[in-house]
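*Asks:* Sharing a structure with you now.
The values are calculated or read from the model by the stated rules, or taken from the named source; none is laboratory data. Since this is a predicted model, take the numbers as computed values, not measurements. We place every Cβ from the backbone using ideal geometry, glycine too, and count neighbours over all the protein chains shown. Protein only, heavy atoms only, side chains kept; ligands, DNA and RNA dropped before computing areas. Shrake-Rupley method; radii C 1.70, N 1.55, O 1.52, S 1.80 Å.
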Amino acid sequence: YRPPTTSLSNHKVFFSSPSKALRQFIQADRAFLQRIRSSGVSTINQSSLRYVSGTSSKMPPPIFPIPDERANTVAKTSSDASASVHHQMSPQSPANTSPVVDGDKFDYDFVVIGGGSGGLAASKEASRLGAKVAVFDYVQPTPIGTKWGLGGTCVNVGCIPKKMMHQASLLGEAIEDAKSYGWELAGGGDKKHNWGAMVQSIQDFIHSLNWKYKVALRDVNVSYINSYAKLIDKNHIHAVNAKGKEVTVSAAKILIATGGRPKYPEIPGAKEYGITSDDIFSLQYPPGKTLCVGASYVSLECAGFLAGLGFDTTVMVRSILLRGFDQDMAERIGRAMEESHHVKFIRGAVPSKIEEIEPRQDGKAGRLRVTSTQNGKEIVEEYNTVLFAVGRDACTSTIGLEKAGVKVNPDSGKINAEYEQTNVPNIYAIGDVLDGRPELTPVAIQAGNKLARRLFAGSKVVYDYEMVPTTVFTPVEYGCIGLAEEVALKKYGKDNIEVYHGRYRPVTTRPIAGYGEEHCYAKLICNKLDDERVVGLHVLGPNAGEITQGFALGMRLGAKKRDFDDLTGIHPTDAENFVSLLITRSSGVDLSLPQCCG
Ligand code: FAD
Ligand code: NDP
């Protein structure tokens with residue numbers, strides 16, 4: 001695997017200064033890719049490209065294996081098809097399984113609208129299983145004109161660039177930590193961050209992924225059509241590309257995987273002067289003093305990395321932090337961001353008007369006057385950038401769903417689709433367009449793969465939307481799986497829940513500098529009625545995403561508190577704190593930071 005946090009430097013060599021060989025690769029046709037594969041190089045980078053194109057005779061060392069989707073296909077597909085899985089469709093459930101279909105009657109067996117996390121996974125798997133498949137993907141530019149390539153939200157304007165900017169900000173802190181470990185900066189100088197250089201590296205990396213996704217579709221014979229698609233009835237799709245060229249295709253089965261886009265509040269100046277997460281990752285100028293409006297995942301993550309990169313950052317909170325998450329944890333995150341990471345919070349406030357004082361121009365942010373209402377009072381403040389993170393609209397209103405008879409929930413605009421099948425039997429939906437489902441990339445991918453196997457390989461396995469682990473990548477990360485404390489209390493009753501918790505000192509990053517250590521915290525929520533089965537796991541600390549991913553397996557397998565107690569820790573790690581959580585919430589014992597080594 002490619003580590004998500006550290007991969008940029010490899011790709012910088014590869015993508016930041018296009019050589020002739022690189023251009024050749026980027027414009028490569030299938031034959032050139034085949035040539036790379038058959039040349040014996042196990043790496044794609046500038047030196048391997050020089051080797052393949054004959055400008056160098058030196059075989060490069062392996063860094064980044066050439067993707068070969070087919071290598072995984074058999075193992076992946078057969079393991080799932082043979083699994084006697086826990087989550088199968090019930091006998092009464094809609095039979096959305098059928099063999100590869102009606103090749104003569106329709107242009108395609110399966111047409112996917114939306115080439116993001118879910119659509120790409122489903123289309124490739126369907127094609128591997130023998131279906132004739134096409135994917136339509138088209139990005140409508142943001143109000144300030146930002147657009148991107150194939151791969152959807154996660155790759156272009158979501159998880160990937162977000163994680164890289166998070167990493168960029170952590171590296172800035174690490175420079176400070178490094179001084180405590182004896183590192184000296186040349187010339188004794190202060191650290192200085194170059195926004196443009198970071199954006200360039202991240203965008204280069206994303207372009208490499210866009211290219212890789214195209215090649216992966218071609219490798220499994222999925223037709224990729226870069227056009228905006230709409231249903232014209234339950235089996236026909238009409239699409240238009242950027243040059244106005246139109247196409248109509250027919251399909252036996254159709255998958256809606258059109259994802260979502262950020263909302264803007266309906267206030268004067270929002271679209272003219274504000275930006276969203278769709279713009280921030282490719283912004284051509286440093287954002288300067290920034291107001292992040294909203295208090296959920298996107299807003300807190302963006303505020304976290306912007307503050308870490310040195311920008312004066314404020315979060316405007318309408319009501320609570322991280323609605324839907326454990327509120328004890330949400331407040332801990334807020335405190336950590338405020339006390340240790342220089343993020344300011346304006347609580348109980350909403351913006352009412354944005355006015356331009358000075359326009360953005362030539363690599364420089366503008367100046368904006370923001371008027372807001374806080375507890376009935378008007379406040380006015382100047383910022384360089386206003387980033388709206390006030391939720392997302394599912395892309396369902398302009399894709400002809402009504403023409404095919406597909407119903408949406410009028411409140412959310414999202415599609416209600418049990419087992420990913422809409423009310424129109426041959427039309428399916430996955431990912432962020434689904435009503436009441438988590439909006440997360442791995443959820444869309446898993447559901448997409450499983451749907452394709454049900455549709456084209458007779459599988460009965462359905463995706464289980466329960467016990468989905470997730471992480472909010474704030475400067476001190478927050479990972480969780482299972483129930484929030486307040487939800488567990490409501491569900492099982494106060495007398496039946498015990499909470500084991502503790503603060504801990506992170507060993508991995510800053511034992512000497514002590515930066516943020518007072519916020520690291522782990523908690524297990526246990527159901528006493530079920531032999532202390534752990535129904536919720538929460539952790540606030542460095543690398544919480546990694547910790548949560550590991551324990552998620554135990555949680556899905558029904559781990560009890562004593563299973564955690566019996567587990568041997570790996571010392572010294574942060575995750576080992578979960579094997580020694582002794583203090584119960586009911587004891588009322590004060591949580592102090594433990595000493596190292598027991
Ligand atoms: P998308 O990936 O959005 O793909 C939909 C595609 O369809 C897009 O390319 C769109 O342009 C295209 N499209 C729409 N309409 C049409 C049409 N009519 N014709 C043709 N094409 C069309 N999730 C995580 O798991 N971890 C994270 O760390 C994380 N971070 C995130 C950070 C941010 C800032 C954001 C915004 C989201 C983040 N997410 C994260 C959520 C994750 O990105 C989404 O859940 C995921 O991308 C949804 O996949 P999807 O396939 O449903 O839709
Ligand atoms: P959410 O819908 O989760 O949150 C919207 C936030 O904006 C809330 O805090 C809400 O406040 C606030 N808000 C809404 N309207 C207004 C308004 N008019 N003025 C001020 N504030 C307002 O959206 P996000 O965009 O944060 O996230 C969307 C989804 O993307 C998430 O559900 C998540 O699944 C996914 N995601 C996942 C990530 C990850 O895995 N790390 C990271 C980022 C996104 P209130 O509570 O008062 O309603």
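*Asks:* What number of residues in segment 369-416 are in contact with a Leu (Cβ under 8 Å, 6 or more places away or on another chain), touching a residue at least 40 places away in the same chain (Cβ under 8 Å) and at negative phi?
*Replies:* Going through segment 369-416 one residue at a time, the tally reaches 14.
*Asks:* For LEU387, indicate whether it is under 25 Å from SER169 (Cα atoms), open to solvent by less than 10 Å² (accessible area, probe 1.4 Å), within 16 Å of ligand 1 (Cβ to nearest atom) and of a type in the set (A, V, I, L, M). First the steps, then the outcome.
*Replies:* On the way: under 25 Å from SER169 (Cα atoms): yes; open to solvent by less than 10 Å² (accessible area, probe 1.4 Å): yes; within 16 Å of ligand 1 (Cβ to nearest atom): yes; of a type in the set (A, V, I, L, M): yes.
The answer is yes for LEU387.
*Asks:* Looking at segment 417-459, which of its residues are touching a residue at least 60 places away in the same chain (Cβ under 8 Å), more than 16 Å from ligand 1 (Cβ to nearest atom) and assigned to a loop (DSSP other than H, G, I, E, B)?
*Replies:* VAL424, PRO425, ASN426, GLY458, SER459
*Asks:* For segment 194-219, enumerate the residues that are open to solvent by 80 Å² or more (accessible area, probe 1.4 Å) and either assigned to a loop (DSSP other than H, G, I, E, B) or of a type in the set (Asp, Glu) (or both). Let's see the steps before the verdict.
*Replies:* Step one: of segment 194-219, the residues open to solvent by 80 Å² or more (accessible area, probe 1.4 Å) are 194, 200, 207, 214, 218.
The answer is ASN194, and nothing else.
*Asks:* Quick check: is even one residue across segment 298-320 outside any loop (DSSP other than H, G, I, E, B), small (Gly, Ala, Ser) and more than 12 Å from ligand 2 (Cβ to nearest atom)?
*Replies:* Here is the first cut: in segment 298-320, the ones outside any loop (DSSP other than H, G, I, E, B) are 298-308, 313-317.
Now drop any that are not small (Gly, Ala, Ser), which leaves 299, 303-304, 307-308.
Still in the running and more than 12 Å from ligand 2 (Cβ to nearest atom): 307-308.
Yes: segment 298-320 contains one or more residues that are outside any loop (DSSP other than H, G, I, E, B), small (Gly, Ala, Ser) and more than 12 Å from ligand 2 (Cβ to nearest atom).
*Asks:* When you look at GLY172, is it more than 28 Å from SER127 (Cα to Cα), assigned to a helix (DSSP H, G or I), open to solvent by less than 50 Å² (accessible area, probe 1.4 Å) and in contact with a His (Cβ under 7 Å, 6 or more places away or on another chain), yes or no? Full working, then the answer.
*Replies:* Values: more than 28 Å from SER127 (Cα to Cα): yes; assigned to a helix (DSSP H, G or I): yes; open to solvent by less than 50 Å² (accessible area, probe 1.4 Å): yes; in contact with a His (Cβ under 7 Å, 6 or more places away or on another chain): yes.
Spelling it out, GLY172 is indeed more than 28 Å from SER127 (Cα to Cα), assigned to a helix (DSSP H, G or I), open to solvent by less than 50 Å² (accessible area, probe 1.4 Å) and in contact with a His (Cβ under 7 Å, 6 or more places away or on another chain).
*Asks:* Sticking with this structure for a sec: Only one of GLY405, GLY363 is in contact with a helix residue (DSSP H, G or I) (Cβ under 8 Å, 6 or more places away or on another chain) and loosely packed, with under 15 Cβ neighbours inside 10 Å; which?
*Replies:* On the way: GLY405 fails: in contact with a helix residue (DSSP H, G or I) (Cβ under 8 Å, 6 or more places away or on another chain).
Going through GLY405, GLY363 in turn, just one is in contact with a helix residue (DSSP H, G or I) (Cβ under 8 Å, 6 or more places away or on another chain) and loosely packed, with under 15 Cβ neighbours inside 10 Å: GLY363.
*Asks:* Taking VAL139 as meeting all but one of (1) within 13 Å of ligand 1 (Cβ to nearest atom); (2) free of Cβ contacts under 8 Å to residues at least 24 places away in the same chain; (3) surrounded by fewer than 18 Cβ atoms within 10 Å (Cβ to Cβ), write down the number of the exception.
*Replies:* Against the list (1) within 13 Å of ligand 1 (Cβ to nearest atom); (2) free of Cβ contacts under 8 Å to residues at least 24 places away in the same chain; (3) surrounded by fewer than 18 Cβ atoms within 10 Å (Cβ to Cβ), VAL139 comes up short only on (3).
*Asks:* Considering only residues that are touching a helix residue (DSSP H, G or I) at 6+ places or on another chain (Cβ under 6 Å), in a strand (DSSP E or B) and among the aromatic types (Phe, Trp, Tyr), which ones fall in segment 220-271?
*Replies:* Selection gives TYR224 alone.
*Asks:* Determine whether LEU524 is at pLDDT 95 or above, open to solvent by 60 Å² or more (accessible area, probe 1.4 Å) and of a type in the set (A, V, I, L, M). I'd like the intermediate steps shown before the answer.
*Replies:* Values: at pLDDT 95 or above: yes; open to solvent by 60 Å² or more (accessible area, probe 1.4 Å): no; of a type in the set (A, V, I, L, M): yes.
No.
*Asks:* From the residues in segment 319-344 that are buried (at least 17 other Cβ atoms within 10 Å of the Cβ) and under 20 Å from VAL386 (Cα atoms), which one is nearest to the chain's Cα centre (by Cα)?
*Replies:* Among those residues, the one meeting the criterion is LEU322.
*Asks:* So which of ILE445, ILE430 ends up being open to solvent by less than 20 Å² (accessible area, probe 1.4 Å), modelled with pLDDT of 95 or more and within 16 Å of ligand 2 (Cβ to nearest atom)? Steps first, please.
*Replies:* Numbers: ILE445 fails: open to solvent by less than 20 Å² (accessible area, probe 1.4 Å).
Just a single option satisfies the conditions, and that option is ILE430.
*Asks:* Please name all residue pairs, on different chains or six or more residues apart, with Cβ atoms under 6 Å, provided the first residue is in segment 556-574 and is of a type outside the set (Val, Ile, Thr) and the second residue is assigned to a loop (DSSP other than H, G, I, E, B) and open to solvent by less than 40 Å² (accessible area, probe 1.4 Å).
*Replies:* Here the result reads ASP574/PRO506; ASP574/GLY541, each pair linking segment 556-574 to a residue that is assigned to a loop (DSSP other than H, G, I, E, B) and open to solvent by less than 40 Å² (accessible area, probe 1.4 Å).
*Asks:* From GLY502, GLY493, which residue is more than 16 Å from ligand 2 (Cβ to nearest atom), surrounded by fewer than 16 Cβ atoms within 10 Å (Cβ to Cβ), modelled with pLDDT of 95 or more and not aliphatic (A, V, I, L, M)?
*Replies:* Working: GLY502 fails: surrounded by fewer than 16 Cβ atoms within 10 Å (Cβ to Cβ).
It is GLY493.
*Asks:* Give segment 296-314 a look and list any residue that's β-branched (Val, Ile, Thr), in contact with a strand residue (DSSP E or B) (Cβ under 7 Å, 6 or more places away or on another chain) and within 16 Å of ligand 1 (Cβ to nearest atom), or say none. Lay out the reasoning, then the answer.
*Replies:* Going residue by residue through segment 296-314, those that are β-branched (Val, Ile, Thr) are 298, 313-314.
Pick out the ones that are also in contact with a strand residue (DSSP E or B) (Cβ under 7 Å, 6 or more places away or on another chain) and you get 313-314.
Of everything in segment 296-314, just one residue is β-branched (Val, Ile, Thr), in contact with a strand residue (DSSP E or B) (Cβ under 7 Å, 6 or more places away or on another chain) and within 16 Å of ligand 1 (Cβ to nearest atom), namely THR313.
*Asks:* State which residue is farthest from SER296 (Cα to Cα) when the search covers only segment 467-490 and only residues that are open to solvent by 40 Å² or more (accessible area, probe 1.4 Å) and within 16 Å of ligand 1 (Cβ to nearest atom).
*Replies:* Of everything passing the filter in segment 467-490, MET467 is farthest from SER296 (Cα to Cα).
*Asks:* Contact list please: Cβ distance under 7 Å, first residue in segment 257-273 and at positive phi, second residue more than 16 Å from ligand 1 (Cβ to nearest atom) and at pLDDT 95 or above, pairs at least six apart or on different chains.
*Replies:* Listed pairs, sorted by first residue: GLY269/LYS353; GLY269/ILE354; GLY269/GLU355.
*Asks:* State which residue pairs qualify: first residue at positive phi and inside segment 334-356, second residue part of a strand (DSSP E or B) and among the hydroxyl-bearing types (Ser, Thr, Tyr) in any location, beta carbons under 8 Å apart, and separation of 6 or more residues or different chains.
*Replies:* Between residues of segment 334-356 that are at positive phi and residues that are part of a strand (DSSP E or B) and among the hydroxyl-bearing types (Ser, Thr, Tyr), the close pairs are HIS342/THR313.
*Asks:* Condition first: of a type in the set (A, V, I, L, M), in a loop (DSSP other than H, G, I, E, B) and more than 15 Å from ligand 1 (Cβ to nearest atom). Can you find one or more residues in segment 403-412 that meet it?
*Replies:* Taking segment 403-412 and keeping what is of a type in the set (A, V, I, L, M), we get 404, 406, 408.
Imposing the further condition that a residue be in a loop (DSSP other than H, G, I, E, B) reduces the set to 406.
Imposing the further condition that a residue be more than 15 Å from ligand 1 (Cβ to nearest atom) reduces the set to none.
Within segment 403-412, none of the residues are of a type in the set (A, V, I, L, M), in a loop (DSSP other than H, G, I, E, B) and more than 15 Å from ligand 1 (Cβ to nearest atom).
*Asks:* While we're on this one: Does segment 265-276 hold any residues that are within 9 Å of ligand 2 (Cβ to nearest atom) and surrounded by fewer than 20 Cβ atoms within 10 Å (Cβ to Cβ), and which are they?
*Replies:* Once the filter is applied, which keeps residues that are within 9 Å of ligand 2 (Cβ to nearest atom) and surrounded by fewer than 20 Cβ atoms within 10 Å (Cβ to Cβ), segment 265-276 yields PRO265, GLU266, ILE267.
*Asks:* Looking at (1) within 20 Å of PRO438 (Cα to Cα); (2) open to solvent by less than 10 Å² (accessible area, probe 1.4 Å); (3) more than 11 Å from ligand 1 (Cβ to nearest atom), can you tell me which one GLY260 breaks?
*Replies:* (3)
*Asks:* Output the number of residues of segment 149-162 satisfying the condition of being in a helix (DSSP H, G or I) and surrounded by fewer than 20 Cβ atoms within 10 Å (Cβ to Cβ).
*Replies:* Step one: list which residues in segment 149-162 are in a helix (DSSP H, G or I), which gives 152-157, 159-162.
Now narrow it down to the ones that are surrounded by fewer than 20 Cβ atoms within 10 Å (Cβ to Cβ): 159.
Of the residues in segment 149-162, 1 are in a helix (DSSP H, G or I) and surrounded by fewer than 20 Cβ atoms within 10 Å (Cβ to Cβ).
*Asks:* For segment 449-466, does any single residue satisfy the condition of being open to solvent by 10 Å² or more (accessible area, probe 1.4 Å) and more than 30 Å from LYS230 (Cα to Cα)?
*Replies:* Checked segment 449-466: at least one residue is open to solvent by 10 Å² or more (accessible area, probe 1.4 Å) and more than 30 Å from LYS230 (Cα to Cα).
*Asks:* If you don't mind, there's one more thing I want to ask. Name the residue, out of VAL350, VAL343, VAL317, VAL293, that is within 16 Å of ligand 1 (Cβ to nearest atom) and either β-branched (Val, Ile, Thr) or over 25 Å from GLY172 (Cα atoms) (or both). Steps first, please.
*Replies:* Values: VAL350 fails: within 16 Å of ligand 1 (Cβ to nearest atom); VAL343 fails: within 16 Å of ligand 1 (Cβ to nearest atom); VAL317 fails: within 16 Å of ligand 1 (Cβ to nearest atom).
Answer to the selection: VAL293.
*Asks:* So the check is Cβ under 9 Å with 6+ separation or different chains; which pairs have a first residue in segment 462-481 that's within 14 Å of GLU331 (Cα to Cα) and aromatic (Phe, Trp, Tyr) and a second one that's open to solvent by 10 Å² or more (accessible area, probe 1.4 Å) and more than 9 Å from ligand 2 (Cβ to nearest atom)?
*Replies:* Hits for this filter: TYR478/PHE325; TYR478/ARG332.
*Asks:* Working only within segment 278-299, note down all residues that are open to solvent by less than 10 Å² (accessible area, probe 1.4 Å) and of a type in the set (Ser, Thr, Tyr).
*Replies:* THR290, SER299
*Asks:* Output the number of the condition that SER98 fails; it satisfies all remaining conditions of (1) at pLDDT 95 or above; (2) part of a loop (DSSP other than H, G, I, E, B); (3) within 20 Å of TYR463 (Cα to Cα).
*Replies:* (1)
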